[in-house]
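Derivation of every value follows stated rules applied to the coordinates shown; laboratory data play no part. What you see is a predicted model, and the numbers here were worked out from it, not measured in a lab. Ideal geometry is used to build each Cβ from the backbone, glycine not excepted, and the neighbour counts take in all protein chains shown.
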Amino acid sequence: MDISKIGVVGAGQMGNGIAHVMALAGYEVRLSDVSPEALDKAMTLIAANMDRQVSRGKIAQEDRDGALSRISSTLDIAEIGQTDLVIEAATEQETVKQKIFDSLAPHLLPHTILTSNTSSISITRLASRTDRPEKFLGFHFMNPVPVMQLVELIRGIATDQETYQACMKVVENLGKTAASAEDFPAFIVNRILVPMINEAVYTLYEGVGNVRSIDMAMKLGANHPMGPLELADFIGLDTCLAIMNVLHDGLADTKYRPCPLLTKYVEAGWLGRKTKRGFYDYRGEEPVPTR
Ligand code: NAD
């Protein structure tokens with residue numbers, strides 16, 4: 001099937017990146033959010049990010065102008081339903097995602113494919129509540145979307161081959177590479193990455209190292225481009241905690257217990273870069289460790 005119109009629900013870090021790459025690849029994009037402020041911020045950010053790509057010679061001015069003209073924003077979920085492919089990229093909470101799919105249901109076209117950018121939640125369970133589990137797929141982008149090459153495609157138990165192929169074609173049109181993952185908690189990338197981040201938070205919690213020494217150790221000692229705590233701030237500490245909880249609940253193994261210090265940061269509303277404070281404080285010129 002041919003996909004030309006894409007609806008993106010959730011205009012946060014991931015939603016704005018997804019809208020950005022889809023529009024540049026020639027798709028018509030409708031972006032929505034519950035928060036008008038988030039939506040305005042996303043539209044401004046997409047334009048600013050594309051301007052930066054133009055100034056760095058990565059895309060031409062005409063590409064930027066064309067892409068921006070293909071993105072519209074809406075607070076009306078009905079408009080999102082009238083598309084060929086919906087990518088849900090709202091907050092990592094199952095109840096939030098379920099409500100979105102419930103509210104989309106009356107507005108969908110018969111052929112609309114539903115997908116979720118969830119980092120960890122069961123695709124099979126999200127699909128089972130919709131009227132089209134065979135047209136439901138996990139479509140998991142990495143952050144920042146315009147930069148990262150990988151997309152994980154996760155089939156639920158009922159997902160049909162046509163849906164998988166249609167989404168695979170979208171990934172190819174974006175010039176990205178798909179890794180196929182089975183539908184188990186946190187799939188491939190986050191099953192490996194987020195427990196490492198959680199372990200870094202335990203290392204901090206137990207006083208083995210401070211924020212700077214832990215990040216420096218992993219950058220210079222393991223050749224990671226970013227330290228694990230810096231990366232946690234980049235992902236969002238609420239998202240990291242939500243993923244650990246899904247691993248802990250879904251695999252019933254105590255090795256996935258979230259570090260109490262990670263919980264405490266989230267309780268404080270220190271969610272990382274997006275709230276300007278996490279393991280680092282981003283309110284000044286240079287990030288300053290908070291521990
Ligand atoms: P975010 O906090 O930046 O953005 C979430 C957005 O969802 C917010 O703008 C919020 O207003 C909106 N939202 C909440 N409830 C909504 C609703 N009912 N309808 C519409 N919008 C709603 O989060 P994010 O980092 O963009 O993460 C979004 C999703 O992408 C999550 O499922 C997350 O697990 C996944 N993801 C995140 C990363 C990452 O590194 N941050 C990477 C891959 C996937």
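Radius of gyration (Cα atoms) of segment 45-118, expressed as a multiple of 2.2 N^0.38 Å: 1.38.
When the Gaussian network model of the chain links Cα atoms closer than 10 Å, the mean-square fluctuations of GLU267, GLU28, GLU152 top out at GLU267.
Short-range pairs are left out: with C-alpha atoms under 8 Å and at least six residues apart, the relative contact order of the chain is 13 percent.
For the chain, set up a Gaussian network in which alpha carbons nearer than 10 Å are linked by springs, and say which option among ASN190, ASN173, ASN16 fluctuates the most. Sorting by GNM fluctuation, first place goes to ASN173.
Helix 36-55 and the long axis of the chain differ in direction by around 90°, with both axes built from C-alpha atoms. Using only side-chain charges placed at the Cβ, +1 for Lys and Arg and -1 for Asp and Glu, the dipole size of segment 173-291 relative to its Cα centre rounds to 220 debye.
Average projected area of the Cα convex hull of segment 131-254, in nm²?
One quarter of the hull surface, i.e. the mean projection, equals 9.1 nm².
Of the residues SER35, LEU45, VAL96, the one whose Cα sits farthest towards the positive end of the charge dipole of segment 1-119 is LEU45 (charges of +1 on Lys and Arg Cβ, -1 on Asp and Glu Cβ, taken about the Cα centre). Here the Gaussian network model covers the chain, with springs between Cα atoms less than 10 Å apart; of VAL201, VAL189, VAL147, VAL147 fluctuates the most. Here segment 81-211 is assigned +1 on the Cβ of each Lys and Arg and -1 on the Cβ of each Asp and Glu. Its dipole about the Cα centre then comes out at about 140 debye. Measure up LYS169/LYS219; LYS5/LYS276; LYS219/LYS274; LYS176/LYS255; LYS5/LYS97; LYS135/LYS255 against 25 Å on the Cα-Cα distance and list the ones that go over. Pairs exceeding 25 Å: LYS169/LYS219; LYS5/LYS276; LYS176/LYS255; LYS135/LYS255.
Looking at the chain, what % of its DSSP beta bridges pair antiparallel, to the nearest 5? Bridges in the chain that DSSP calls antiparallel: roughly 25 percent. Evaluated at q = 0.09, 0.15, 0.16 Å⁻¹, a Debye calculation over the C-alpha positions of the chain (equal weights, vacuum) places log10 I(q)/I(0) at -0.44, -1.20, -1.33.
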